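This report refers to the structure that appears directly beneath it.
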Amino acid sequence: MSRLVVVGSQWGDEGKGKVTDFLGQKADVVVRSQGGNNAGHTILIGNEKFALQTIPSGIFNPHIKNVLANGMVINPKAALTELKNLEARGITNYHLYISNRAHVIMPYHMDLDGAYEQFKGSNKIGTTKKGIGPCYADKANRIGIRMGDLVNPDCLKEALENTLPIKNMELKMLGLKTYTVEEIFAEYVNYGKELKKYVCDTSLLLQEEIDANSNILFEGAQGSMLCLDHGTYPYVTSSSPTAASVPVNSGIAPKYIDHCVGICKAYTTRVGEGPFPTELNNEMGNYIRERGHEYGTVTKRPRRVGYLDLVVVNYAKRISGIDSLALMLFDVLTGVKELKICVGYKLDGKEINTIPATLKEYSMCEPIYITMPVWNEDITKCRDYESLPAECKNYIETIEKYTNIPVDMISVGAERNETIIRRDVFKK
Ligand code: GDP
Ligand code: IMO
Ligand code: MG
């Protein structure tokens, strides 16, 4: 048995969905513990492509219990639509459990997300506009509405009566539409009715699974550099996507986490605004973007693309305790004309190996690169390490050398089977 955390080691979209689906074949339970439908996890099963946002990537396996834990923010309408779309595609035999302590994304959260972005103008974060930040703000402000309230009409009404006068003041101040208790209640009470069968104390459920020696996979969302505390603040999301946040966000004790896999793209991408030292605004960046289909799953925005930045990966290693790396989208680098890896930054003439706290300093960091030999071979058919070209092995071993983390998985295509396993990190 093991409890394994999958964590994004960059700015999100590293391929966590694929890894969760792949490792999930051995899981009894798959848990999403933070974020909401700002996530977009793509899974390719045969020719079928699925893009999950709120629902965990274990949903395709009828033996897996899928948990949305307390640290999540859930848009009930979006979650129900996602479930209905899955059902329409034949995914009907699933097990879903939603924490009664998870917070509910309300329509005014989305309105406020959009309005704050508009007011920030050129300083906008580039959020997904799903209401994530305003929902977490209400949680911290103790005026949030939780799933336990949503599924109980009396509690929902009371929560709305307490919260809406405050939210309406804020909405009015920003020149936005206000809401009545009645109009939100009339709509949301129905979502509550539909979701009630899934809502429970998921911390209790997870403890029972731990006691039963189940294999539990914690599916990360977002990436370490988007962490509210440790990321490139304020260009971050409003929760912590680190392994350290898993216990508090799922209601298990920290001692139960056995292993952390850092998901690492073979290059770097970022959606939204904020500093990005290895960004490539050139032909190389365009080549990688097109080969990797680097367009957002949620917002369809073109992703910003850059060389692999090992300062970022080492930082993620430190804050999450990454034990293994899964190197993703490795096939995308085939044919790239010039290949580099960033192994440090230069700031004010000094070499540094960490992420400075202020935006001012971080935007002044210049990457220190090593140049890597390139390759032109198609590697999508490789299924073992030995069959990779020497230049690919060199790339992988350079990552291992500079991070001191074993690259235990290598992904050479989006499909489940397009994977090279060097060490089994999730034992049954
Ligand atoms: P996540 O948010 O971390 O789950 O990642 P996304 O799903 O947002 O983005 C990763 C994208 O890369 C998806 O379109 C995947 O289907 C795709 N993908 C994952 N692994 C590989 C790979 O090894 N090679 C290629 N070419 N695509 C991959
Ligand atoms: P997955 O799980 C990439 C980014 C947004 C924006 C910032 C804040 O697919 O890796 P938010 O809507 O969360 O307030 O936006 O965070 N962001 C992501 N970028 N992948 C994600 O999730 C992301 N979730 C949020 O683009 O820059
Ligand atoms: Mg994504």
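Since every read-out is calculated from the coordinates, none of them should be taken as a lab result. Everything quoted here is computed from the prediction, not taken from an experiment. Virtual Cβ from ideal backbone geometry, glycine too; neighbours counted across all protein chains shown.
Per-residue ellipticity at 222 nm for the chain, helices alone: DSSP H runs ≥ 4 residues times -39500 (n - 2.57), over residue total, nearest 500 deg cm²/dmol? Intermediate values should be presented prior to the final figure.
Working: 13 runs with 140 residues, N = 428.
Mean residue ellipticity, 222 nm, calculated: -10000 deg cm²/dmol.
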Completion exercise
In nanometres, the difference between 0.36 nm per residue of separation and the alpha-carbon distance of E182 and K196 is 3.0 nm
Problem - GNM result for the chain, Cα springs below 10 Å: residue of D28, D378, D348 fluctuating most strongly - result: D348
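Would you mind working out the magnitude of the charge dipole of the chain relative to its Cα centre, with +1 at each Lys and Arg C-beta and -1 at each Asp and Glu C-beta, to the nearest 20 Debye?
Working: 50 positive and 51 negative charges, 55 e Å.
So the magnitude is around 260 debye.
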Exercise for the section: Out of all DSSP beta bridges with both ends in the chain, state the antiparallel percent to the nearest 5. Expected result: 40 percent
Practice task
Report the residue, chosen from K317, K157, K401, that carries the largest GNM mean-square fluctuation when the chain is represented by alpha-carbon nodes joined by springs under 10 Å.
Solution key: K401
Exercise for the section: Using only Cα atoms, find the angle between the long axis of helix 310-320 and the longest principal axis of the chain, and express it within 0 to 90 degrees, rounded to the nearest 10. Expected result: 40 degrees
Completion exercise
Quick calc, A390 & M169: beta-carbon distance into FRET formula, R0 45 Å, rounding 0.05, result 0.10
Completion exercise
The extension gain from D154 to N47, computed as 0.36 nm times the residue separation minus the Cα-Cα distance, is 33.9 nm
Problem - Degrees separating the helix 76-88 axis from the principal Cα axis of the chain, which is the longest one - result: 60 degrees
Exercise for the section: Note down the magnitude of the dipole of the stretch 280-399 about its Cα centre, charges +1 on Lys and Arg C-beta and -1 on Asp and Glu C-beta and zero elsewhere, to the nearest 20 debye. Expected result: 480 debye
Exercise for the section: List every residue whose amide H lies under 5 Å from the amide H of R303, counting only residues 5 or more places away in sequence or on a different chain, with H placed 1.01 Å from N in the peptide plane. Expected result: Y295, G296
Fill in the blank from the handout: Out of T269, T20, T163, a Gaussian network model of the chain with alpha-carbon springs under 10 Å gives the largest mean-square fluctuation to T163
Handout entry: Cα long-axis angle, helix 202-211 against the chain (0 to 90 degrees, to the nearest 10)
Key = 50 degrees
